[in-house]
1. Size of the dipole of the stretch 228-287 about the Cα centre, Lys and Arg at +1 and Asp and Glu at -1 on the beta carbon, nothing else charged, in debye to 20?
2. Of the listed pairs Lys288/Lys316; Lys200/Lys316; Lys273/Lys316; Lys200/Lys288; Lys65/Lys102, which have alpha-carbon separations greater than 29 Å here?
3. Be a star and scan the stretch 296-329 for residues whose amide nitrogen sits under 17 Å from the point 7 Å along the Cα-to-Cβ vector of Ala256.
4. May I ask for the longest run of the chain untouched by trypsin sites (Lys or Arg not before Pro) that are loop-located per DSSP and have at most 14 neighbouring C-beta atoms (other than their own) within 10 Å?
5. Quote the charge dipole size of the stretch 1-148 about the Cα centre in Debye, to the nearest 20; the model charges only the Cβ of Lys and Arg (+1) and of Asp and Glu (-1).
6. Once label points are set 7 Å from the Cα along Cα→Cβ at both Ala332 and Ser26, what is their separation, rounded to one decimal in nm?
7. So what is the 222 nm mean residue ellipticity for the chain from helices alone, if each DSSP H run of at least 4 adds -39500 (n - 2.57) and you divide by all residues, rounding to the nearest 500 deg cm²/dmol?
8. Quick query: amide H of Gln108 versus all other amide H atoms, modeled in the peptide plane; which residues come in under 5 Å with a sequence gap of 5 or more or a different chain?
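Readers should treat all values here as calculations from the given coordinates under stated rules, not as data from a laboratory. Keep in mind it's a predicted model, so treat the numbers as computed, not measured. As a convention, Cβ positions derive from the backbone with ideal geometry for all residues, glycine included, and neighbour counts pool all protein chains shown.
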Amino acid sequence: MTKERIEGDMSCDAGFLVLPECLDQSYESRMPCFPLTVRLPRFDPDVHHHNLIAPHSNFRAERDKRDAAEAHYAGDSAWGSMQEWSDPDPSEDWNTAVLPPKYFVVEQLRFITEGAAGDDDEFQHTRDHLVTHRTTWWSLLADWIGVVSMQDLIELGRQRRQSFSRTTMWITEPRYGQEPGFSWVQMPQLRPYVGDPLTKAQLERCMSLTGEARQPPDARLMLRDARSLLNTGEYRRAILDAGTAAELALTARLDAHLAVNSNPDMAEALMDKHRMLGPLTELARKLKVAALPDRFGPQVIEPRNKAVHGGKEMTKDVAEKAVATTSELLQATHPLSDFDFPSA
């Protein structure tokens, strides 16, 4: 069975932020049974001042050109759009300065793979398998993006996108040279973009880890969930997840330490006596297996206990401190350098 080159486009389940250096670049990844080269869209201000357009393809050039021409207004493009301009140089006039884009949101990817496509049946079989693996591939990529950049691609606690998709607003009384019908919002979903835009090196590593089917540590994923809940105002749940992330992190470090420095029976008995976050913290401090942040007790343990046992509503300030302090702990127990991410 001869394998042939296959190209395609896939929509992202949630747009993600990137720096300009990431655009119009190829990234190597993999799905089960499929090599994968992913190409990001490009930005051409001569085509549109806000929208991203398709990366070049010999096989889709005319259609891509037509699609770009039809995306008249900011946000109309399926590929994504510019999200913020860079600040002008203090010496430049705000009214005449040419501001380069600061970062973009990417909503769609182009990919190149290879598979059986000798006839319609073979191509359909290849397509079905790729579509099946695509969901798992994207979910894992989104996990890594969320872990490394703090972007919220899961939106826990937020009303799901079906209710307010395809919302458009336009100007009915244009002023100061605005176009009639200028589209102010044309987005596949209404959501704030939070977190840091990805660098090219970070995105390359996310793609590579996804291709290797490597999972982020559970503690990192739980902290990601806590941040998502914090973003949507679910403060009690954010505190609970931050505490669980800390518990997972300390348990992993203690298990690794005891596996080397104790016999299995003693290690199991010791961990059985220190199952809750407070006792785990005391054991970690006693064995010196993790650098605990200052005020870890009052900012993580105590709020978590109140959230569990008191059932009280918690404040944003308390939740922010719990998430930030847990993040500090995980920087010591599960540093991103363990996964060869470049330092910020």
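1. The dipole of the stretch 228-287 has a size of about 220 debye.
2. Working: Lys288/Lys316 32 Å; Lys200/Lys316 33 Å; Lys273/Lys316 33 Å; Lys200/Lys288 37 Å; Lys65/Lys102 25 Å.
Pairs exceeding the cut-off: Lys288/Lys316; Lys200/Lys316; Lys273/Lys316; Lys200/Lys288.
3. 327-329
4. Within the chain, the longest run free of exposed trypsin sites (Lys or Arg not before Pro) spans 1-159.
5. With Lys and Arg at +1 and Asp and Glu at -1, about 340 debye.
6. About 4.5 nm, to one decimal.
7. Theoretical 222 nm ellipticity from helices: -13000 deg cm²/dmol.
8. Residues meeting the amide H criterion: Cys12.
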